[in-house]
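Some notes on the structure that comes next.
The values are calculated or read from the model by the stated rules, or taken from the named source; none is laboratory data. Small disclaimer: the values here were computed from a predicted structure and weren't measured. Cβ coordinates were reconstructed from backbone atoms using ideal geometry, including for glycine residues, and neighbour counts include every protein chain displayed. Ligands, DNA and RNA are excluded from the accessible area calculation, which covers all protein heavy atoms including side chains. Shrake-Rupley method; radii C 1.70, N 1.55, O 1.52, S 1.80 Å.
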Amino acid sequence: MSHMLIIGGGLAGGTAAEALRAEGFDGDITVVAAEAHPPYQRPPLSKGYLAGDEGLDAVILHPAEWYAERGIRLLTGVAVTSLEPAAHAVELEDGERLTYDAVLLATGATPRTIPLPGHDLPGVSTLRRLDDSDALAAQLRDGGRRLVVIGAGWIGMEVAATARGFGNEVAMVERDAVPLATALGSEMGEVFRKLHLEHGVDLRTSVGVDRIIGDGRAEGVVVDGETLPADLVLVGVGASPNTALAEEAGLDILNGVLTDGALRTSAPDVYAAGDVANAYHPVLQRHLRSEHWANALNAGKVVAKSMLGKPASFDGIPYFYTDQYDLGMELSGYPPLMADAEIVVRGDLDAREFIAFWTDDGRIVAGMNVNVWDVNDEVQELIRSGARIDPDRLRDSDVPLEDLAP
């Protein structure tokens, strides 16, 4: 093979380019990024980078010269407009046509919007891109602003925490009764609800948003008939995979681009990884699409091997982390198995220093450590073991995690 093409400037695409060289591929590599930046990772955009605690070096994977030094052609600020699997070619918006031996679709996802009156007013934004984070920081950093966050998911909560740290007023509205209930269940969602209330967020649950109002710019959000004043509004209601390119090329699509366990799509020599991929997980024996950092990082490494024809299987345990106020958390586990699982807590829930385990018939399917550190490897090992564990031993902090599995 002589040319590997990567479409996408996120963590999955950037990691794949790096991994191809690490795997010994010495042919041509082209990375096409629609944004004007070299490939970058997104978690800091709502956390440390937005807060000003981290710089661009925590976001950008490698500077442009890094790619040049390794013979990787990096095209930024240009989109791919068509993919032709039969011809092994793509066309760029500037008219350039590129052929490939293998191509990776790492096109990511786009924030969902809400078709409400006023949703397109200036001052209403989403957070997905580096430029979004810069624009949001410029408005929040001096404090004294009124932010209304629509949606109490991870992005909304992280931005709310950062905004409060700058001294802004924050209201957050959520249609569900408990934030994060879909992701974590009501008991663990309640931990985050109390956290934000304690830090002065006007958190309203079980409410509906009627419209966004303003004269030339957003000035308020009408929630169940009541107007919440706003200088800016952040919509954080999830994201949709960017599948348009794959759909037009005739690839199999179902909540993302369908792939097998080696991240191969339904078209020969076309691969997908990161937020856009709905990959078959060999442990779960079902497809799973994940929008978290570890998914993009690990998938990039796996797909590089697959593109080179080496044995590869994307079978990692999904992982996620968040930082909000004085709470730091890591979560490892299988989301499809968490919904009906029983939660066993080790530690002090009220002090927010604990590990929560999701168990199914005594087997751990997920674990979340909150302000308890250096345990994630052990948590993941317990999940992989598939061992049935006595819930009393699981609760007992005096029993080392490494002694739990037989």
Handout entry: Spin-label zone in the range 358-391 - amide nitrogen under 19 Å from a point set 7 Å from the Cα of Asp398 along the C-beta vector
Key = 390-391
Handout entry: Expected 222 nm ellipticity per residue - DSSP helices of 4 or more, -39500 (n - 2.57), all of the chain, to 500
Key = -7000 deg cm²/dmol
Exercise for the section: Would you mind working out the magnitude of the charge dipole of the range 262-406 relative to its Cα centre, with +1 at each Lys and Arg C-beta and -1 at each Asp and Glu C-beta, to the nearest 20 Debye? Expected result: 1000 debye
Exercise for the section: About the Cα centre of the chain, how large is the charge dipole given +1 on each Lys and Arg Cβ and -1 on each Asp and Glu Cβ? Please answer in debye to the nearest 20. Expected result: 480 debye
Handout entry: Cα→Cβ-extended label distance, 7 Å offset, between Glu247 and Leu56, nm
Key = 3.5 nm
Fill in the blank from the handout: Binned at 10 Å from zero, the C-alpha pair distances of the range 1-122 give percents of 12, 38, 31, 15, 4, 0
Practice task
Please give, to one decimal in nm, the separation of the simple spin-label points placed at Glu342 and Arg141, each 7 Å out from Cα toward the Cβ.
Solution key: 5.1 nm
Handout entry: Computed accessible area, Tyr334, all protein chains, 1.4 angstrom probe, square angstrom
Key = 20 Å²
Fill in the blank from the handout: 1/(1 + (r/R0)^6) with r = Cβ-Cβ of Glu187 and Ser385, R0 = 22 Å, i.e. FRET efficiency to nearest 0.05, evaluates to 0.35
Handout entry: Carbon + sulfur, % of accessible area of the chain - ligands and nucleic acids excluded, 1.4 Å
Key = 46 percent
Practice task
Please name whichever of Gly256, Ala89, Leu197 sits farthest to the positive end of the charge dipole of the chain, dipole taken about the Cα centre and charges placed at Cβ: Lys and Arg +1, Asp and Glu -1.
Solution key: Ala89
Fill in the blank from the handout: Between Asp120 and Thr227, Cβ-based FRET efficiency (R0 25 Å, step 0.05) works out to 0.85
Handout entry: Label zone at Asp134 (point 7 Å along Cα-to-Cβ), backbone N below 14 Å, the range 17-36
Key = 35-36
Handout entry: Simple spin-label estimate for Arg70 and Val375 in nanometres, 7 Å along Cα-Cβ
Key = 3.6 nm
Completion exercise
In Å², rounded to a whole number, the accessible area per residue of the chain with probe 1.4 Å is 43 Å²
Practice task
Scan the chain and note any complete DSSP helix (H) whose C-alpha atoms cover at least 20 Å along its axis and whose Kyte-Doolittle average is 0.5 or more.
Solution key: none
